[in-house]
Amino acid sequence: MAEEGLLGFEETLGKKVVEAGLCAGCGSCVLNCPFWVIGFREGRPQLIEECPVCGVCSQVCPRYEFDVGRVEEFAFGRERKPDELFGVVREGGLVLARSKDPRVLEVCQDGGLVSSLLITAVEKKLVKGAILSGVKEGMPFYPDVRVAYSREEILACAGSRYSFSDRLVFGMGLAGAYWLAEKVKDREAHFAFVGLPCQVQAVRLMQMLPNPPVSWSEAIRYVIGLFCTETFTYEGLKSYLASHGIELDQVRKTNIKAGEFVVELKTGEVRELDLKPLLQHRREGCNVCWDFSAEFADISVGSLGLRGWNIAIIRSERGEELFSTAREAGLIETRPVEEEPHVLKVLSRLTRLKRKRGAEAISRARSGN
Ligand SMILES: Cc1cc2nc3c(=O)[nH]c(=O)nc-3n(C[C@H](O)[C@H](O)[C@H](O)COP(=O)(O)OP(=O)(O)OC[C@H]3O[C@@H](n4cnc5c(N)ncnc54)[C@H](O)[C@@H]3O)c2cc1C
Ligand code: SF4
Ligand code: SF4
Ligand code: SF4
């Protein structure tokens, strides 16, 4: 019998998230259901057996009553100040950075900061490995979960895929199982996690769960977030490229810069395509999303149109520890953000735009229009 006051899947996520069109498809509810009664179909959770009503799934869902202040208190020890438009930032925590390693720069998306931070964490033994998104075999640019334990494995996952990996958070189960096994042997096994803002939100909620089987806050030591405007359905991305005569297996790299979808072909040819027609393939769950800069990560990373450089937002003490270790090890170089004043203007604009788009879509979804 269900404990009094607890709500089951149908009443919470089923009705108020999935049916309402708010689901981000992150998979956190599927991973954390202690009774394994939630399945995933076409990127959406649904009950596959009767729900014993324990109330866990709604606590780990970033689209169900997400309490910004509570999550900030947990992740950063304080709530954002009124003038912190991009969320909590540590003093001096806005900085331009890039990798100093030519092997990273060759394969990375922008400045290779994300890969460099992960390499630092693994090689300095701050973590056992990194949970991130790589590419599914036989499906070019389809993001799939990987656990990387070495520089080579991290670099094999470098670059951005503009579709969504609904197995990334779910795949944390792999790291969780490893962490549990090591815990039994009284050994430490921390991991770093890289994900999009919705996935970062889910991970934070998981870390805040009281009495989970895996202590996610111990198992996941660093949460690195990527800036994100939207992701596209894989089929949509394929058909958009096909309309330009391009197959995904001909592509070496994709990037979004100044309203263009930039496609670098394996032949070396670079095509700059109009982004607008691709927007019709935006995933439903992205319409209601209000978090551009991964506001709950230890370190958030984007490029904002910079060529060969990243902008980093260092938000937590752990984030600062990792960033300083990478810099002191000579793996990254930095520049003051003031050297590119337009970057902060773009960050402000995109943050406001995404909040407005998200708020409007949420109110449309709630009013049923
Ligand atoms: C879907 C998506 C949308 C983005 N939108 C913006 C944007 O609007 N503005 C902006 O400034 N930056 C955006 N970014 C971030 C940007 O593309 C780079 O990831 C960021 O600048 C880091 O660059 P890097 O050279 O350090 O990355 P790298 O060192 O190349 O590392 C990239 C990391 O991203 C991970 N990754 C790749 N694809 C995915 C995915 N689909 N889901 C989760 N993880 C993934 C990889 O596992 C890898 O660890 C977006 C990224 C993604 C994946
Ligand atoms: S987590 Fe609990 S409430 Fe949610 S589906 Fe599973 S059993 Fe039901
Ligand atoms: S947003 Fe994530 S946790 Fe919430 S219902 Fe969708 S898949 Fe489950
Ligand atoms: S816009 Fe990005 S962060 Fe938001 S739901 Fe879509 S993929 Fe997740």
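GluC sites (Glu not before Pro), restricted to the stretch 73-112: which are DSSP loop and have at most 12 other Cβ atoms within 10 Å?
On the way: sites: E73, E79, E84, E91, E106; in loops: E79, E84, E91.
Taking the stretch 73-112 and a limit of 12 other Cβ atoms within 10 Å, the loop GluC sites (Glu not before Pro) found are E91.
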*Ordered by residue, what ³J(HN,Hα) values in Hz, to whole numbers, does the stretch 263-277 give under the Karplus form 6.51 cos²θ - 1.76 cosθ + 1.60, where θ = phi - 60° and Gly and Pro are x?*
10, 9, 7, 5, 6, x, 5, 10, 10, 10, 9, 5, 6, 3, x
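Counting other beta carbons within 10 Å of each Cβ, put V104, V337 in order, fewest first. Display every interim value, and only then the final one.
Numbers: V104 23, V337 19.
The most exposed by this proxy come first: V337, V104.
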*Theoretical gain in end-to-end length, F66 to Q280 [0.36 nm per residue, Cα-Cα removed]*: 74.3 nm
*Toward the positive end of the charge dipole of the chain, about the Cα centre and with charges on Cβ (Lys, Arg +1; Asp, Glu -1), which of V95, F164, L241 goes farthest?*
L241
_Please compute the modelled spin-label separation between S243 and E19, points set 7 Å along Cα→Cβ, answer in nm with one decimal._
3.4
_Alpha-carbon centroid distance for the pair the stretch 190-217 / the stretch 294-369, whole angstrom_ = 19
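Test of understanding: ordering H244, H281 by Cβ neighbours within 10 Å, fewest first, what list do you get?
Going from least to most buried by this count: H244, H281.
Which residues make up the longest stretch of the chain clear of trypsin sites (Lys or Arg not before Pro) that lie in a DSSP loop with no more than 11 other Cβ atoms within 10 Å, not counting the sites? Mind showing how you got there, number by number?
Numbers: sites that count: R78, K125, K185, R187, K266, R307.
Result, exposed sites excluded: 188-265.
What list do you get for V114, V301, V135 if you sort them by fewest beta carbons within 10 Å? Numbers along the way, then the final one.
Working: V114 30, V301 24, V135 17.
The most exposed by this proxy come first: V135, V301, V114.
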_Candidate lysines - alpha carbon under 18 Å from K356, same-chain residues fewer than 8 apart omitted_ = K345
*Got a sec to turn the phi values of the stretch 191-197 into Karplus ³J(HN,Hα) couplings, 6.51 cos²θ - 1.76 cosθ + 1.60 with θ = phi - 60°, whole Hz, x for Gly and Pro?*
10, 9, 10, 10, x, 7, x
*Please say if the stretch 117-211 is rounded, prolate or oblate, where rounded means a/c under 1.5 for a ≥ b ≥ c the square roots of the C-alpha gyration tensor eigenvalues, and otherwise the choice is prolate for a/b larger than b/c and oblate otherwise?*
oblate
*Where is the GNM fluctuation largest for the chain (alpha-carbon springs, 10 angstrom cutoff): G39, G176, G259?*
G259
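Report the GluC sites (Glu not before Pro) located in the stretch 119-197 that are in a DSSP loop and have at most 10 other Cβ atoms inside 10 Å of their Cβ, or state none.
Details: sites: E123, E137, E152, E153, E182, E188; in loops: E137, E188.
When the GluC sites (Glu not before Pro) of the stretch 119-197 are filtered for loop state and at most 10 Cβ neighbours within 10 Å, E137 remain.
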*Identify, among H342, P143, I154, the residue whose Cα sits farthest towards the positive end of the charge dipole of the chain, taking +1 on the Cβ of Lys and Arg and -1 on the Cβ of Asp and Glu, with the dipole about the Cα centre.*
H342
*log10 I(q)/I(0), Debye, Cα-only the stretch 10-59, no solvent, q = 0.13, 0.22, 0.30 Å⁻¹?*
-0.24, -0.72, -1.42
_Helix-derived mean residue ellipticity, 222 nm - over the chain, DSSP H n ≥ 4, -39500 (n - 2.57), to 500_ = -9500 deg cm²/dmol
*Mind listing P(r) for the chain? All alpha-carbon pairs, 20 Å bins, whole percents.*
29, 61, 10, 0
*Taking the simple approach of a point 7 Å from Cα along Cα-to-Cβ for both R364 and R335, what is their distance in nm?*
3.9
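Taking R0 as 35 Å, what FRET efficiency do you get between R41 and L85 from their Cβ-Cβ distance, rounded to the nearest 0.05? Don't skip to the answer; put the middle values down first.
Values: r = 38 Å, r/R0 = 1.08.
The computed FRET efficiency comes out at 0.40.
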_Under the rule of at least 5 residues apart or a separate chain, name every residue whose amide H is placed under 5 Å from the amide H of K253._
E264
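In debye to the nearest 20, how big a dipole does the chain give about its Cα centre with +1 on each Lys and Arg Cβ and -1 on each Asp and Glu Cβ? Walk me through the intermediate numbers first.
Working: 49 positive and 51 negative charges, 126 e Å.
That gives the chain a dipole magnitude of about 600 debye.
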*Within the chain, which cysteines find no other Cys whose Cβ is under 4.7 angstrom from their own?*
C23, C26, C33, C51, C54, C61, C108, C157, C198, C228, C286, C289
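Any read-out appearing in this document is the output of simple, stated calculations on the displayed coordinates, not a laboratory observation. Computed from a predicted model, the values in this text were never measured in an experiment. Because the Cβ atoms are built from the backbone with ideal geometry, glycine has one as well, and the counts that use them run over all protein chains shown.
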